[in-house]
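Step one of this worksheet: look at the structure below.
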Amino acid sequence: MTTPDVTAGRLPWDGADPYPFYEMHRREGNVVWNDEAGAWLVLGYHAARQVLGGAGWTSNPLANPNAPRAVRVMGPELLRRNILTTDGTDHHRLRGAVRDVFTRSFITGLTDGVEAIASKTIDHAPAGVGFDFMADIALPLPIAVAAAWMGLDVDTARVLGQESPAISRMLGDLVDPDAVETGTAAFTTLLTELLPLAADRRAHPGDDLLSFIASDSALDLDDVVTLALIIAVAGHETTANLLGAAVVRLSTPRTDGCRPIDTVTIIDDRLITELLRLDGPVQAVGRTATRDHVINGVTISASEPVLVVVAAANRDPAVFTEPNALQPQRDGPSPLAFGYGAHYCLGAALARLETTIALQKVHARGLTLRGDPTWRDTPAIRGPSRVPATWA
């Protein structure tokens, strides 16, 4: 997954609308130093690709000499097993264990199952009755898909749903000691819950994702469970926030009074790509230089941290015309919402499939907002915390 890895100070962006903050700094250049973050901000599209796709960088937050104490509390062992924070041989070993089941063609084969789960999740609320789209649909849907794919029973799936928010908060706010402590405890709880199950699946494999991962002899059982949990939780984080932000954007009237969703004739891959460009949940991706670099004429020295602000890169006016406008038929390069290079999001195809199916069903039922949404206050993940809505 694309890691929301902010290991320096908290940036003062507004969770609901961080884009003016990005544009203010873009006037200084595409690569600028920010004292509050204690890091270089990489704001331009091509500069972002240069960092994410180039050599001489590490995803391990402990490589940053100024990494906050909260990150160090996690310890090197957990980070070594985490596909989000590993590089080189370790990353290749972990990613290789699941690469074959995250191809677009394989994920397409999950369509019927995702549609069934989405129908059950979306259709239960009666028309005319208010509900919170985030709590009732956006958050439960990807967790239900992950639990079904891993073959978890009802009790284990419930524990996954209960503990996942704390891990998600930790991934989105690694500078907060309370978030890291609570998230680490939640991760330990799930590790304890799934280790016996992984051992059983290794001995008696089924046709589920956990069995597939457990069958890789290059992974020990701690690796198996950690990888499965990161896939489930990070995928949950990405999809839920993308889906919530997409519903808000498509259902909010424009200045002409028309809602974008009323003008959309088809929910397709191009629309999802444009929604990812405008409202991709991951705002910034952390890296630390392992050697000196020159990017856009700016020298970044070894051991200095950078925040690749992918949300700013996706609205780079030098690359995207009218960058703040929703243009579903837009031509141009792919947005960086799922990252780029070796750490390109494994679950990108699944997130797209879940979001497409959910938006199709939302469109068919006729969702209407019942008030202003509220937004999360985390430094690296943007998404609604509450979206009051009703069905037509």
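Below are the figures for this structure:
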item	result
Matching residues in the range 236-253 - criterion: being surrounded by fewer than 24 Cβ atoms within 10 Å (Cβ to Cβ) and in a helix (DSSP H, G or I)	Ala245, Val248, Arg249, Leu250, Ser251
Any chance Asp256 is among the acidic types (Asp, Glu) and assigned to a helix (DSSP H, G or I)	no
Output for the range 279-337, where each listed residue is farther than 30 Å from Val248 by Cα and among the aliphatic types (A, V, I, L, M)	Ala289, Val294, Ile295, Val298, Ile300, Ala302, Val306
Selected residue [modelled with pLDDT under 95 and at positive phi] from Gly286, Gly347, Gly297, Gly332	Gly332
Hits in the range 327-360 - residues which are under 25 Å from Gly88 (Cβ atoms), among the hydroxyl-bearing types (Ser, Thr, Tyr) and touching a Leu at 6+ places or on another chain (Cβ under 8 Å)	Tyr340
Matching helices (runs of 4 or more DSSP H) fully within the range 3-121 where at least 2 residues are modelled with pLDDT of 90 or more and under 21 Å from the mean Cα position of the chain (by Cα)	19-26, 45-53, 88-96, 104-108
Count - residues of the range 166-190 that are assigned to a helix (DSSP H, G or I), crowded, with 18+ Cβ neighbours inside 10 Å and not small (Gly, Ala, Ser)	8
Members of the range 202-254 found to be among the basic types (Lys, Arg) and without any contact (Cβ under 8 Å) to a residue 40 or more places away in the chain, listed by number	Arg202, Arg254
Selection from the range 191-227 of residues that are surrounded by fewer than 15 Cβ atoms within 10 Å (Cβ to Cβ) and in a loop (DSSP other than H, G, I, E, B)	His204, Pro205, Gly206, Asp207, Ser215, Ser217, Ala218, Asp220
Inter-residue pairs, beta-carbon under 7 Å, first under 27 Å from Gly371 (Cα atoms) and in the range 127-154, second of a type in the set (Asp, Glu), 6+ apart	Leu141/Glu354; Pro142/Glu354
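The values are calculated or read from the model by the stated rules, or taken from the named source; none is laboratory data. Since the model is a prediction, treat every value here as computed from it, not as a measurement. Note: ideal-geometry Cβ built from the backbone for every residue, glycine included; neighbour counts use all protein chains shown.
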